[in-house]
Amino acid sequence: MHLRRWKEKSNRKPLVLRGARQVGKTTVINAFGKEFDNYLYFNLDMDSDRALFERNIPLDDLIDSLFARLGRRKKKGSTLLFIDEIQNSPQTISLLRYFKERRPDIHVVSAGSLLENVVDVKVSFPVGRVDYMALRPCSFYEFLTALGKENLRYFIDHPEQSAAVHDELMSLFNQYTIVGGMPEAVQEYANTRDVLALDDIYESLMQGYKDDVEKYVKNGKLAEVVRFLISTSWTKAGQIVTLGGFANSDYKAREVGESFRLLQKAMLLELVYPTTSVTVPALSEEKRQPKVIMLDTGLTNYQAGVRKELIGANDILDVWRGHLAEQVVAQELLTLNDKVSQRRQFWVRGNASAEVDFVLTFDSHLFPIEVKSGRNSHLRSIHSFIDLSSVDIGIRVWSGPYSVDDVQTSFGKKPFRLVNIPFYMIGNIEKIIATL
C-alpha cells in the first residue's frame, strides 16, 4: 500500500493527498488511522478546528492542544494527524513545513477539495517540504475486492493460468466499465448489484462538481466555460478534440484551453497529448490536438448516455465506436502509480496517419499500446512504431484471452512479440512486460 510505504520512509515529509472530490480521500485516511497508536482528525471546514491551527503558538504546544481538544491523552507510539480541507487555511498550509524539522515523530496528512485549491485561491504548499500522493477512482483490482471476488485476483497476477476464468473476468470488467470506480457507486453496486440504483449517486457527484464552479470561479466568462465543459466533456471521452468551438460551442481555443487546464488541475479530466518520439524521454506535442480522458468510466457512460448500449454489448470495443474502451484503458493505466504528475500520451508518426492509442514508459523504454480487436496484421500503427523503435514488444488490449504471439512488422519485417492483454489485466501490465 502506498500509504504504508510513506509511513515507513526515513525521510518522510508531511503528505498532501490529492484527488477529485468524492474519490474517498477522507475514508482512506480514516481507515489508515487505525494503524496508528494515536489518530487525530480535524476538518478545517469547521471554524473551531481552523481556529486551533491559526493561533500563533509553538508547534509543541499546538500538538498538545490538539490532543486536549479531542479529549485524549497521548499514548506511547505512533501518531497520525489528518488535516482535512486544509485549503481553507493558508496559515495551516504554511505550518506544514515545520513538522518535518521540529516534530518528525508526527505523521501528517492533509487533503482538500481540488477545485477549491486551484481556482482563484492564491495558496501554495511549501516547496520541497511536503510529499504528494494522488488518490484516484478504484481500479478494477479494487473493484473485485469490493464485490467479494478477491480470489480472481490470483489469475490477473498469473496470466498464463487465466484462460479458465477469462469469461468470468471479462463479465466483471464489463460491470466495472458500467459502474466505474467512484467509491460510493462501487459500494452501492456491491450491496445491490443494481446499476439503476447508482443514478442518484452520479447525479449528486455531478451537482457537486458544478457547485464547486459556482463557489470558486470568480471570472464570469471563465465560470461559464468551465460549467459548459463539466457538462459536455464526458461526451468526448477517449476522442481527439479541437479546443476552438469545442462540442459545437462558440468558445475560443484560448477560453476552452484555460478552462480545461483548471479542470485538469482539479483531476476531473486530462488532456492527453501525442508524442512523435519512440524513445524516452517522450515529449508531448502540445500544439497538436489532444485526446480527452475523463475522471471515471462510470460517470462517463452515464453522462454520455451510452450505458444502455454498454449493458447489452458483447464486447466493450463495440460500444460508442471504441471510445469507452480507450477511456477505461486510460483510467486503468493511471492506477499504475500514485504520482500526481503522471501524464498519459499517445503516439503519432510525424505527419503520417499512423497513430498508437497510448504509449507506456517503463524500464527506460517506450511501449506501444493499441486498444483493438482483429488480426495481428491489422495493427499497422504498432508495426510502424516497432519499425522505428528499439523495443521488440507491442501490446494489444482486447477482449480475448492472454497470449503472446511471435510476429514481424508488415513493412520492415522486424520480429517482435505482440502481447495480447485482456482488459482486466491492464493494471498488471508492467509486471507482464517485466517477465517477457
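Label points 7 Å out from Cα along the Cβ direction at D47 and Q91: separation in nm?
In this crude spin-label approximation the distance works out to 1.5 nm.
Sort S139, S353 by accessible area with a 1.4 Å probe, largest first.
S353, S139
In percent, how large is the relative contact order of the chain, given Cα pairs closer than 8 Å and 6 or more residues apart?
Worked out over the chain, it gives 13 percent.
Helix 253-265 versus the longest principal axis of the chain: what is the Cα-based angle in degrees, 0 to 90, to the nearest 10?
The angle comes out at about 60 degrees.
Where only protein heavy atoms count, and the probe is 1.4 Å, what is the accessible area per residue for the chain in Å²?
Spelled out: the 1.4 Å probe surface of the chain, per residue, equals 45 Å².
Could the peptides 289-297, 387-395 be put in order, highest first, of the mean number of other beta-carbon atoms found within 10 Å of their residues?
By packing density, highest mean first, the sequence is 289-297, 387-395.
Using every Cα-Cα pair within the chain, state what percent have a distance larger than 40 Å.
Looking at the chain, the distances longer than 40 Å represent 23 percent of pairs.
Magnitude of the Cβ-charge dipole of the chain, K/R +1 and D/E -1, about the Cα centre, nearest 20 debye?
1240 debye
For helix 90-102, report the angle its Cα long axis makes with the longest principal axis of the Cα atoms of the chain; keep it between 0 and 90° and round to the nearest 10°.
90 degrees
Around Y189, what is the net charge, scoring Lys/Arg as +1 and Asp/Glu as -1 over all other residues with Cβ under 15 Å from its Cβ?
Summing Lys/Arg as +1 and Asp/Glu as -1 gives -4.
Taking a virtual spin label 7 Å from the Cα of V404 along the C-beta vector, which residues in region 134-174 bring their backbone nitrogen under 19 Å of it?
So the set is 155-164.
Mind checking which of I369, F125, L336 is farthest towards the positive end of the chain's charge dipole, using Cβ charges of +1 (Lys, Arg) and -1 (Asp, Glu) about the Cα centre?
Checking the options against the dipole of the chain, the answer is F125.
By DSSP, what percent of the beta bridges with both residues in the chain are antiparallel, rounded to the nearest 5?
40 percent
Mind giving me the FRET efficiency for T242 and K339? R0 is 25 Å, r the Cβ-Cβ distance, nearest 0.05 is fine.
After rounding, the FRET efficiency stands at 0.30.
Roughly how many debye, to the nearest 20, is the charge dipole of region 245-306 about its Cα centre, given +1 on each Lys and Arg Cβ, -1 on each Asp and Glu Cβ, and no other charges?
120 debye
Pairs to check: K13/K339; K9/K339; K149/K431. Give those whose C-alpha atoms are more than 18 Å from each other in this structure.
Flagged as over cut-off: K149/K431.
On the accessible surface of the chain, probed at 1.4 Å, how many percent belong to carbon and sulfur atoms?
Accessible surface attributable to carbon and sulfur in the chain totals 47 percent.
So for the pair E168, F67, with labels modelled 7 Å out along Cα→Cβ, what separation do we get in nm?
5.0 nm
K76 versus L196, label points 7 Å from Cα toward the beta carbon: distance in nm?
Modelled inter-label distance: 6.0 nm.
Distance between the C-alpha centers of region 1-69 and region 165-224? Whole Å please.
For region 1-69 versus region 165-224, the Cα centre distance is 27 Å.
Among the aspartates and glutamates, which fall within straight-line cross-link reach of K7, defined as a Cα-Cα distance under 12 Å, with same-chain neighbours fewer than 8 residues apart omitted?
The reachable aspartates and glutamates, counting only those whose Cα sits under 12 Å from K7, are E35, D105, D131.
As I understand it, the value is the acute angle between the Cα axis of helix 183-192 and the longest principal axis of the Cα atoms of the chain; what does it come to in degrees, rounded to 10?
Helix 183-192 sits at roughly 70 degrees to that axis.
Would you work out which of C138, P58, N151 lies farthest towards the positive end of the dipole of region 35-186, given +1 charges on the beta-carbon of Lys and Arg and -1 on that of Asp and Glu, about the Cα centre?
Final value for the positive-end residue is P58.
The values are calculated or read from the model by the stated rules, or taken from the named source; none is laboratory data. In this text, all values refer to a predicted model and were calculated from it rather than measured experimentally. Every residue, glycine as well, gets a Cβ built from its backbone with ideal geometry; the counts of neighbours run over all protein chains shown. Side chains included, ligands, DNA and RNA excluded: accessible areas come from the protein's heavy atoms. Shrake-Rupley method; radii C 1.70, N 1.55, O 1.52, S 1.80 Å.
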